[in-house]
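One structure is given below, encoded as structure tokens.
The values are calculated or read from the model by the stated rules, or taken from the named source; none is laboratory data. Computed from a predicted model, the values in this text were never measured in an experiment. Don't worry about glycine lacking a Cβ; one is built from the backbone with ideal geometry, like all the others, and counts go over all protein chains shown. Areas reflect the complete protein model, heavy atoms only, side chains present, ligands, DNA and RNA absent. Shrake-Rupley method; radii C 1.70, N 1.55, O 1.52, S 1.80 Å.
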Amino acid sequence: GATGEMLLQAEKCGAVLKDMNYIQCLPGVPPNGKIRVRFHNDISRFILINTDGKRFVNEDSRRDVLRDAVLSQPGRSCIVIVDREGFESYDLLMRRDAVRGIETGDAYKGSSLKELAEKLGVPPENLTNSVEEYNRLCTTTVLGSQHHPIVKAPFWAAKSAMSIHYTMGGISINSSAECLNLQGVAIDGLYAAGECTGGVHGKNRIGANGICDALTFGMTAAETLASK
Ligand SMILES: Cc1cc2nc3c(=O)[nH]c(=O)nc-3n(C[C@H](O)[C@H](O)[C@H](O)COP(=O)(O)OP(=O)(O)OC[C@H]3O[C@@H](n4cnc5c(N)ncnc54)[C@H](O)[C@@H]3O)c2cc1C
């Protein structure tokens, strides 16, 4: 829902905007999709494949690496696969969305990987090979014991594409949450905190730090103001 007019207003007051070209994305509803089926929520439980049924990235990569990898696949989209254990590890709301997703065409379920591949329209042997290779990596030091192999039927899939998750860019601030002008000097009486600021996380924010950022710099801005 963020529409950004405050950034333009801050700029009119002399504030510098920083890193406006960096956008963080996460898997979301593909074009024409209806429900966001979040099989990608637990990185130890899923694999990402492309429409050829091939795995193309380490699922626990940085968010910007994942974004660029998905955007370079055919159709700029991907398919998320979990097995029964992965499905059952998710909470009731996520499972409800998955079941509804089957009705809306956003999710798929197969009693075997071959059946799932046929429903998805991807080459069955490629999907099977991708899952087998991933399962093999789960037994090695590459992925280690932190990742669960995908072995238990039924198998589930969701089509997914990149959606905007977080605007990395915004108003440049100092550690007192004061907005900075082009010369790096604090603008009297103008403060900013949270997602409207830029540069706090660089070009890739680590998951779970968004709310922490907003609360910390919101408090800092109040303390700076109160100290004047
Ligand atoms: C789907 C999703 C999941 C996320 N999950 C996580 C998570 O698990 N952990 C995490 O840390 N972060 C998460 N984030 C990021 C995090 O939620 C946001 O970065 C954070 O909430 C931003 O807080 P904020 O107060 O800076 O901005 P916002 O929450 O966007 O608040 C800005 C407020 O200003 C209001 N506003 C805008 N213009 C005006 C105006 N002109 N006058 C008055 N009011 C105005 C808006 O209505 C809004 O209420 C997630 C983001 C998304 C989209």
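If the chain linking S111 and C13 were pulled fully straight, counting 0.36 nm for each residue of separation and taking away their Cα-Cα distance, it would gain 29.2 nm. Among the lysines of the chain, pairs that are 8 or more positions apart or on different chains and have alpha carbons within less than 21 Å of each other number 16. For A2 and E88, what is the calculated FRET efficiency with R₀ set at 30 Å and r taken between the beta-carbons, to the nearest 0.05? Result of the calculation: an efficiency of 0.30. A crude spin-label estimate for the pair V99 and K203, with each label 7 Å from Cα along the Cβ direction, gives 4.4 nm. Note on M6: accessible area approximately 130 square angstrom, rounded to 10, probe 1.4 Å, nucleic acids and ligands left out. Here the alpha carbons of the chain define both size measures, Rg and Dmax, at 21.4, 68 Å. Peptides 197-210, 169-182, ordered by how many other C-beta atoms sit within 10 Å of their residues on average, highest first, read 169-182, 197-210. With the simple spin-label model, which puts each label point 7 Å out from Cα in the Cβ direction, the T216 to I23 separation comes to 2.7 nm. Packing-based ranking of 28-41, 77-90 yields 77-90, 28-41, ordered from highest to lowest mean Cβ neighbour count within 10 Å. Using Cα-Cα distances under 8 Å and only pairs 6 or more residues apart, what relative contact order does the range 24-164 have, in percent? Reported relative contact order: 39 percent.
Counting only alpha carbon atoms, the long axis of helix 92-104 and the longest principal axis of the chain meet at about 70°.
Calculated accessible area for the range 24-164 comes out at 49 Å² per residue, all protein chains present (probe 1.4 Å; ligands, DNA, RNA ignored).
Counting only protein heavy atoms and a probe of 1.4 Å, the accessible surface of the chain is 54% carbon and sulfur.
Between helix 124-138 and the chain, what is the angle of the helix's C-alpha long axis to the longest principal axis, kept within 0 to 90° and rounded to the nearest 10? So the helix axis and the longest Cα principal axis differ by about 70 degrees.
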